[in-house]
Structures are given as C-alpha cells and as structure tokens.
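Rule-based calculations on the coordinates, nothing more; no lab input. Treat the numbers as computed from the prediction; the structure is a model and nothing was measured. Ideal geometry is used to build each Cβ from the backbone, glycine not excepted, and the neighbour counts take in all protein chains shown.
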Amino acid sequence: MAKITANGQGSDDELDSGNSAQPIEFYVEQEIVAAGMSEEEDQACSSAKESNAAIHKEISSVLETKLNAIKSMAALERQQQQYQETLNGSCLPPITATEWTKRTEKQVEKWNYHREAIHAAVSHGSRSTGSQKCCSCRLLFSSCWMITCTDCKHYLYISCDRKLLFTSPFHKRRLLNAKVFSSETLLPKAFVNENDQQSLLSVPVPVFIPHSKEDDMSLIAEDKSVIVVTIGGRYDLKSAMFYRESSNSSVEATIEDYLAAQLCPAAASDTTYFFFDVLQLW
C-alpha cells in the first residue's frame with residue numbers, strides 16, 4: 001500500500017513506478033479503510049463535512065449582506081454631503097435637525113396660544129344668528145327659529161325658506177335657534193312647519209319652468225322617485241311636474257326639460273340623472 005508523505009503525495013517508490021499521484025481524498029479513504037473505520041463512522045464524517053460547508057456558505061452570505069448595507073450607507077452619506085455642498089454653494093444656510101425642531105416648536109407654541117380664540121370664533125360662527133331681518137321679506141325675526149343658507153348667504157324665516165328653497169335642494173341649509181344658540185344641518189327634503197317641527201316634503205328635481213301667458217306655472221313634485229348625482233353628492237328627489245293654477249292642470253316634465261337644466265339621464269328608465277359638471281370630471 002502506498003504511503004502518504006507530509007505534503008499529501010505518494011512515496012517515492014510509487015512515483016517511480018510510473019503511476020501518477022492521486023488526489024488527497026483518495027489516500028485519506030485508503031487510510032480510513034486501513035484503519036478499520038466502520039461505514040457509519042464514514043457517513044458521519046461525510047455529514048460533518050457537508051454541515052461545515054453549509055455553515056461556511058451561510059456565513060459568506062451574511063457577510064455579503066452586511067457589506068452591501070455598508071456600501072449603501074456610504075453612498076447615502078456621499079449624497080448628503082453633495083447636497084450640503086450644493087446648499088453652501090447657493091449661499092443658503094444649512095438646516096440642522098436642531099434648527100428644524102426649534103422652528104416646529106415655535107409654530108406649535110403659536111397654535112396653542114391662539115387655539116382657544118380660534119375655537120371660540122368657529123363655534124360662535126356656526127351658531128351666530130347674523131342678521132336680525134329676513135333676507136326675503138325684510139321683516140324682523142319674531143321667532144327664535146330661523147334658516148341660514150351657506151350657498152345664497154341668506155337668513156330666512158321658516159315660511160320664506162319653504163317658499164324660496166323648496167326648488168333648490170342642492171343648497172346647504174341650517175336650522176338656527178337664537179334663544180339657545182344651537183344649530184342643526186337640514187336635509188334637502190327637511191322643512192320646518194308652523195309648529196317648529198321638522199317634516200320631510202316631496203322635493204322635485206329643479207328644472208326650468210316653461211313660459212306661459214298667464215304666468216301662473218309652478219314647479220311641483222310627482223310621485224316617481226328620481227336620483228340626481230352632483231359634484232356635492234347624491235340626492236333622492238321626485239320627478240318634476242308643471243302645475244298651471246288657472247286651469248288646475250299639470251303636465252310632467254319631459255327629457256328635453258331635464259337636458260335644458262343640465263341634467264343627463266344615466267339610463268333609459270329616466271330614474272337617475274347626472275349633472276353635466278359631473279360628466280366633465282370623467
């Protein structure tokens with residue numbers, strides 16, 4: 001059997017015989033066999049080698065990840081340095097984290113100082129009774145209840161609100177109580193009656209009223225429900241109908257009347273209409 005020298009090659013006798021040198025694993029296997037190592041021990045030795053190789057591979061992967069992170073941090077520092085140099089070149093003072101914190105703290109102090117006054121102003125404005133006269137009939141308010149409209153900027157009597165804004169369901173109205181300084185948002189169909197109680201009325205879709213010689217045409221609501229979609233949202237209303245007082249007759253509004261009012265039908269059933277402004281957003 002060939003002997004293994006210190007450098008892991010075969011002996012001189014074997015080399016002189018003309019045989020080429022074998023790999024170190026070959027001689028290790030020969031020594032294991034000569035030493036009488038069992039097959040189980042041989043398998044355990046192979047498993048240990050594979051485990052060591054896997055550990056070395058995992059360590060190499062972790063080191064490579066850390067190296068990439070260090071490179072990224074170095075690149076970020078270079079970018080920050082270039083940005084700071086750019087600021088210095090443009091004669092702008094550099095903003096440090098401490099200065100930014102000071103500026104933020106000053107703004108917070110100002111807000112805290114004026115917070116109570118701003119809150120009081122907003123609260124008072126939402127409950128303010130404003131004018132002492134109705135903007136429609138110009139009479140002094142004798143009741144504690146009044147209606148305010150944020151769209152037409154009017155303070156109205158309850159009766160004037162029903163008269164003027166019945167055909168303006170898209171206006172934002174609030175019910176004010178001048179006695180207790182309270183306010184409440186009103187739905188488009190909600191109106192206050194003579195007993196100061198809210199009731200839901202059938203509100204028609206606002207369309208143009210046709211011209212008549214008698215000038216006695218008015219807009220009323222039909223029984224059919226109609227959905228109108230505006231930029232402000234969806235409104236559940238009633239289909240429009242024209243009432244002639246002189247003949248005590250009524251006629252339903254046609255599709256031409258809705259189109260003239262800038263309302264486009266969404267389906268052939270004519271139960272949903274879109275304002276042209278909504279279609280322009282699409």
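Residue ranges 52-65, 234-247 sort as 234-247, 52-65 when ordered by packing (mean number of other C-beta atoms within 10 Å per residue, highest first). For the residue pairs Lys110/Lys153; Lys106/Lys172; Lys133/Lys189, alpha carbon separations beyond 29 Å are given by Lys110/Lys153; Lys106/Lys172. The phi torsions of the stretch 139-153, fed into the Karplus equation with coefficients 6.51, -1.76 and 1.60 and a -60° offset, translate into couplings of 8, 5, 6, 9, 10, 6, 9, 7, 10, 10, 10, 7, 7, 9, 6 Hz, rounded to whole numbers, with Gly and Pro shown as x.
By the beta-carbon count within 10 Å of each Cβ, the least crowded to most crowded order of Leu219, Leu263, Leu200, fewest first, is Leu200, Leu219, Leu263. Here the residues Met146, Met73, ranked from fewest to most Cβ neighbours within 10 Å of their Cβ, fall in the order Met73, Met146.
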